[in-house]
């Protein structure tokens, strides 16, 4: 089983989300029991809808529990300053559009609107393992974009 690399904040956030999902699970089970009283017309649409919602929720709970079970918390090691790894904050110069900073995180923590990109995204994959001043090209919907690594924290 592969390790899930998480920041401490990401691990804590996932644990909190798991608690919320488990509470929702318990509420859904209770609701299903309330509405699933068989009558002469059989089970109604609400019970079916709640069961489908419960199935999706159970799948998410399983995914998060598995990720937390194999999670490895990212710590600040000297190696991380030399190459880009999950947990690195990377500043890149983009072709002629200036500089942008990204934090490389696991897919469970990604939040592109806050510059947290997944290690499984095209840019994340291209950055992993690279060193200061390396240049990479990434295919984007608008064409190839060249990034040069300016700093790694």
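The values are calculated or read from the model by the stated rules, or taken from the named source; none is laboratory data. Note that the coordinates shown come from a computational prediction; the quantities given were computed from them, not determined experimentally. Reconstructed Cβ throughout: ideal geometry from the backbone, glycine too, with neighbour counts over all protein chains shown.
Per-structure values
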item	result
Of all residues in region 116-135 being in contact (Cβ under 8 Å) with a residue 40 or more places away in the chain and not in a loop (DSSP other than H, G, I, E, B), the one that is surrounded by the most Cβ atoms within 10 Å (Cβ to Cβ)	127
All positions within region 86-107 that are assigned to a loop (DSSP other than H, G, I, E, B) and either outside the structural domain of residue 146 (by TED's automatic domain parsing) or more than 24 Å from residue 8 (Cα to Cα) (or both)	95, 96, 97
Any hit, region 42-54, residues being in contact with a helix residue (DSSP H, G or I) (Cβ under 6 Å, 6 or more places away or on another chain) and modelled with pLDDT under 90	yes
Qualifying residue in region 56-67 (condition: surrounded by 12 or more Cβ atoms within 10 Å (Cβ to Cβ), over 30 Å from residue 86 (Cβ atoms), modelled with pLDDT of 90 or more and not assigned by TED's automatic domain parsing to the domain that holds residue 105)	no
Residue in region 79-88 that is farther than 27 Å from residue 137 by Cα and modelled with pLDDT under 90 present	no
Test result for residue 93, modelled with pLDDT of 90 or more, over 21 Å from the mean Cα position of the chain (by Cα) and surrounded by fewer than 18 Cβ atoms within 10 Å (Cβ to Cβ)	yes
Test result for residue 113, exposed (fewer than 12 other Cβ atoms within 10 Å of the Cβ), under 15 Å from the mean Cα position of the chain (by Cα) and either at pLDDT 90 or above or farther than 21 Å from residue 10 by Cβ (or both)	yes
Pairs with Cβ under 7 Å, 6+ apart, first in region 88-113 and under 15 Å from residue 133 (Cα atoms), second at pLDDT 90 or above and not in a strand (DSSP E or B)	90/84; 90/127; 101/115
